[in-house]
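Coordinate-derived values only; no laboratory data. Here the structure is a predicted model, which is why all the values come from computation and not from measurement. Cβ sites come from the backbone with ideal geometry, for glycine too, and all protein chains shown count toward neighbours.
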Amino acid sequence: MKRVVITGIGIYSTIGTNLNQVKDSLFHGRSGIGIDPFRNELGFMSPLTGIIETPDIKSVLHRKLRKGMAEQGEYAYMATLEAMKTAGLDIDYFEKNEVGILYGNDSSAIPVIDAYNKIIEKKDTSLVGAGSIFQSMNSTVTMNLSVILKLKGVNFTVSGACASGSHAIGLAHMFISQGMQEMIVCGGAQEINAFSMGSFDGIGAFSQRIDAPQKAVRPFDRDRDGLVPSGGAATLIVESLESAQRRGAKILAEVVGYGFSSNGDHLSVPNVSGPQISLERALKQANLMARDIDYVNAHATSTPVGDGNEAQALFNVFGGKTPVSSTKSMTGHEMWMGGASEIIYSILMMHNDFIAPNINFNNPDEHSEKINIIPETRNAKLDTILSNSFGFGGTNSSLIIKKFK
């Protein structure tokens, strides 16, 4: 089995549109949550959302290559440019070597709505436009990036609900460790537009703490009342150790464990046993004990049931000593992107010797009081980190990364 390392990272997030901004936000516990007035106009129960800057994609990409890109594809392209830079890679390298792409994405709402509206209004499908099909498919990100970057290796989208980005990294680890690929561009992307969130709002999934947006996301807190949707994109360059050493690349971290499971009992309500199996499988693959984990970046989205069940699973595996926080307290729930971005957030903590805070954690509940929630930034040497990602349908993913030695 080959060792698998991370040599490039890039981020386009509600808490910063580059690595330096994001690191600063994480350290200072800065929230990216705000109000979207358009959601009020649409009759949303909650207008809360992550606020993200629209990328200036026109300045970095020709129109011909932009026409097939949906909103989340633009975020992914910007994140990938930064990941390539940190990895010391360019398109010339991709053209001359077999490099794959595995990216998490599970929706593309606006292109479908736009096409529908045009067909209804004009009664002429030819007016929809050639780019629509490529924007509307779930595979829009991998489809576009593989062409733009001249990638010739494995190429597909991972559609695993809110664990999509995490599963993409886990699958990249599997492909590379088994010698099937040397390098893979992987990550996760999430559209942030209102229309993509209407059905979530309709089932009452979102926080109603509208009077204080930056205090709305309260993972593990007794008074949490729902998640806040968010988005953006996160890209990692994952490759074999031999490939990285051959290139003389700086190694940021090593992927040592990937655990997964399915709850198998409810579409939207999580349980304790599924996440626990995912955690234990990641530890087993990494050949580590629970005491070897220095920090857990929890999935905790600020939902009453989900956070409580994750806290129980964490306690069952780690007991009450391992430091835990949820970066979603600052970013909101980045959904398809979150499993990838939270590995990047964890790498930033690892390389800058701190644990990002679980902001808005004031009162523990019966489950979270048993685990070691970190409510304020803490200086810490982090060697080994575990990150959880869970999603609708009961899909679970746990990743373990280590400092390279």
Take each of the peptides 201-212, 61-72, average the number of other beta-carbon atoms within 10 Å over its residues, and list them starting from the highest. 61-72, 201-212
If one computes P(r) from the Cα atoms of the range 1-58, what percent of pairs lie at distances over 15 Å? 64
Given a cut-off of 25 Å, name the pairs among LYS58/LYS215; LYS23/LYS284; LYS2/LYS321; LYS23/LYS381; LYS23/LYS67 whose C-alpha atoms lie farther apart than that in the structure shown. LYS58/LYS215; LYS23/LYS284; LYS2/LYS321; LYS23/LYS67
Under the rule of -39500 (n - 2.57) per DSSP H run of 4 or more residues, summed and divided by the residues of the chain, what mean residue ellipticity at 222 nm is obtained, to the nearest 500 deg cm²/dmol? -10500 deg cm²/dmol
If you take every residue apart from HIS299 with its C-beta less than 13 Å away from the C-beta of HIS299, what net charge results, scoring Lys and Arg +1 and Asp and Glu -1? -3
In the list (i) 61, 55, 39; (ii) 66, 52, 44; (iii) 87, 46, 43, the entry giving Cα extents along the principal axes in Å computed from the coordinates is (i)
Any idea how far apart ARG246 and MET45 come out in nm if each label point goes 7 Å out from Cα toward Cβ? 5.4
Provide the gained length on full extension for the span HIS28 to ILE113, in nm with one decimal, where the gain is 0.36 nm per separating residue minus the Cα-Cα distance. 26.7 nm
Which peptide among 372-379, 386-393 comes first, and what is the full order, when sorted by highest mean count of other Cβ atoms within 10 Å? 386-393, 372-379
Ascending count of other beta-carbon atoms within 10 Å, so fewest first, for SER159, SER166, SER325: SER159, SER325, SER166
Over the range 4-402, what relative contact order in percent results from Cα pairs under 8 Å that are six or more residues apart? 24
Ranked list, fewest to most other Cβ atoms within 10 Å of each Cβ, for LYS403, LYS328: LYS403, LYS328
Ranked from highest to lowest mean number of other Cβ atoms within 10 Å per residue, what is the order of the peptides 332-341, 185-194? 332-341, 185-194
Where labels lie 7 Å past Cα in the beta-carbon direction, separation of SER59 and GLU369 in nm: 5.2
Between the alpha-carbon centers of the range 119-154 and the range 167-191, tell me the distance in whole angstrom. 23
Between the range 355-405 and the range 17-36, how many Å separate their Cα centres? 18
Label the range 4-111 by shape, choosing from rounded, prolate and oblate, from the square roots a ≥ b ≥ c of the eigenvalues of the Cα gyration tensor; if a/c is under 1.5 it is rounded, and otherwise prolate applies when a/b is larger than b/c, oblate when it is not. oblate
Tally Lys/Arg at +1 and Asp/Glu at -1 over every other residue whose Cβ is under 14 Å from the Cβ of GLU182; what's the total? +3
May I ask for the net charge around ALA282, where only other residues with Cβ less than 15 Å from the Cβ of ALA282 are counted and Lys, Arg are +1 while Asp, Glu are -1? -2
Give me VAL305, VAL272 ranked fewest to most by other Cβ atoms within 10 Å of their Cβ, as a rough exposure proxy. VAL305, VAL272
